[in-house]
Amino acid sequence: MSEGNLALDTKAVPEGNGRYHITMPGHWDYLLPSGGVIMTATLRAAAAEIADPRYRFASATSIFASPMNPGKLVADVHVIRRGKSAVQCRVTMKHAEHPKDADADENAGLETIATFVRDRKGPDVIGTTMPKVRALADSIRVEDEAPTNPHARFRFYHQLECRIADGEKFWTANDGSPPFAAGPARYARWFRYRQPQRDAEGRLDRLALPPIIDTMPTALHRAIGPSDYRFYAPSLDLTTYVIGDTTREWLLVATSVRRVKQGWGIGEVEVWDDEGQYIAYGSQAMYLHGLLGEPPTIDASTR
């Protein structure tokens, strides 16, 4: 079922003078390639330009100015500052060729601002606890024959194993699993890459985190509950912070949506491994594009 290897599919090939080429396949698509995967591709280019493994990915924000299609992409990397403790970069990514039948501004692509840091001596403080969710062994499997199952419909999910840790299947499953019901604006899933993503030290590759962080709209599905309203929610921007490392494969991605209003919304996510280690945090501004039905008015704050 799996077709992709994230590290290979986002590989940045240097041309020189800070320019890199990436060939994005179609098997990381929802309707178009995942914004998190595109973000990862920009970070590959940044890491290649820094060319120093002591500096590891710590934070980034991507601004999505126009849709990105599969195919040949070009990334230009500018090192803003190279210090003793951190390197900061700006990456601009576009299609290598202007998309056919596109408006003049539809090759604006995206820009990523990223910081890579070197490990330093400092305090070790734990300030939050792992969400109370189903353990991996008790979580709901997503495999079923339902034609509306997004894990079967979208090729992005073919690259991942998945279990639902908080919430229910938000599609019509008819397989005896708990029925979908309106709930809090939270949703959590366990994810594992079918092709393990490792760095040179055998740890989870930090650049594999943006694709699974870019899964926040599921929390909005749960808040709305069963409804004739249908939408999709492409990213306006996506931010990722990485603070921990793990050698584990299964990661808990716990998402929440804080507010949605007037056609856009904001969400956030925490990433933990299955031993309870805090790995990463993300946030997103999303554009709500209605497909069917009337947008509802919901107060899920007390659920």
Self-check item: The listed residue being of a type in the set (A, V, I, L, M) and part of a strand (DSSP E or B), out of ALA146, ALA114, ALA137
Solution: ALA114
Practice problem: Please determine, by comparing only the residues of segment 161-183 that are assigned to a loop (DSSP other than H, G, I, E, B) and touching a residue at least 60 places away in the same chain (Cβ under 8 Å), which one is nearest to ASP274 (Cα to Cα). | Solution: GLY183
Self-check item: Qualifying residue in segment 147-168 (condition: at pLDDT below 95, of a type in the set (Val, Ile, Thr) and either over 17 Å from SER34 (Cβ atoms) or in contact with a strand residue (DSSP E or B) (Cβ under 8 Å, 6 or more places away or on another chain) (or both))
Solution: yes
Practice problem: Confirm whether THR148 is loosely packed, with under 14 Cβ neighbours inside 10 Å and polar (S, T, N, Q). | Solution: yes
Quiz item: How many residues, within segment 184-204, are of a type in the set (D, E, K, R), in a strand (DSSP E or B), farther than 22 Å from ILE298 by Cα and touching a residue at least 40 places away in the same chain (Cβ under 8 Å)?
Solution: 2
Quiz item: Do we find a residue being under 16 Å from ALA254 (Cβ atoms) and in contact with an Asp or Glu (Cβ under 9 Å, 6 or more places away or on another chain) anywhere in segment 173-183?
Solution: yes
Quiz item: If you go through segment 146-154 one residue at a time, do you hit one that is of a type in the set (Gly, Ala, Ser) and free of Cβ contacts under 8 Å to residues at least 12 places away in the same chain?
Solution: yes
Quiz item: So ILE113 clears everything in (1) surrounded by fewer than 18 Cβ atoms within 10 Å (Cβ to Cβ); (2) aliphatic (A, V, I, L, M); (3) over 19 Å from the mean Cα position of the chain (by Cα); (4) modelled with pLDDT of 95 or more except one condition, right? Which one?
Solution: (3)
Practice problem: Examine segment 237-260 for a residue that is at pLDDT below 95, crowded, with 19+ Cβ neighbours inside 10 Å, under 23 Å from GLU168 (Cα atoms) and in contact with a helix residue (DSSP H, G or I) (Cβ under 6 Å, 6 or more places away or on another chain), and state whether such a residue exists. | Solution: no
Self-check item: Which listed residue, of ALA12, ALA7, ALA46, is in contact with a Cys (Cβ under 7 Å, 6 or more places away or on another chain) and of a type in the set (A, V, I, L, M, F, W, C)
Solution: ALA46
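The values are calculated or read from the model by the stated rules, or taken from the named source; none is laboratory data. All values reported here derive from a predicted model rather than from experimental measurement. Heads up, the Cβs are rebuilt from the backbone with ideal geometry, glycines too, and the neighbour counts pull from every protein chain shown.
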